[in-house]
Amino acid sequence: MRWEGDVLNDLEVCYNIKVVVGTHPISTKSLDMHTRLGTWADPAWEPLLAPTMADEATRDAYN
């Protein structure tokens, strides 16, 4: 299992951008994709995801 820091670093290197966690709610599309892939199944992700998990209506608005 990869640690969240590895994934964030990969995004920064691949796209040459600084990744900032928690800037907006997670969209329904993103939540569905990561649920299917199991990307966020590790409990280490919980503190990073908690501030961005919103209700369904808000997630849908960010699709």
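Tabulated values for the structure
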quantity: Helices (runs of 4 or more DSSP H) within the chain that include 1 or more residues among the small types (Gly, Ala, Ser) and modelled with pLDDT of 90 or more; calculated: 28-37, 56-61
quantity: Residue tally, condition more than 15 Å from residue 61 (Cβ to Cβ), within 10 Å of the chain's Cα centre (by Cα) and of a type in the set (Val, Ile, Thr), over segment 20-41; calculated: 2
quantity: Near pairs, Cβ below 7 angstrom, 6+ apart or cross-chain, from segment 37-48 (over 13 Å from residue 6 (Cα atoms)) to any residue that is of a type in the set (Asp, Glu) and assigned to a helix (DSSP H, G or I); calculated: 48/4
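The values are calculated or read from the model by the stated rules, or taken from the named source; none is laboratory data. For clarity, every value in this text was computed on a predicted model and none was experimentally measured. Virtual Cβ from ideal backbone geometry, glycine too; neighbours counted across all protein chains shown.
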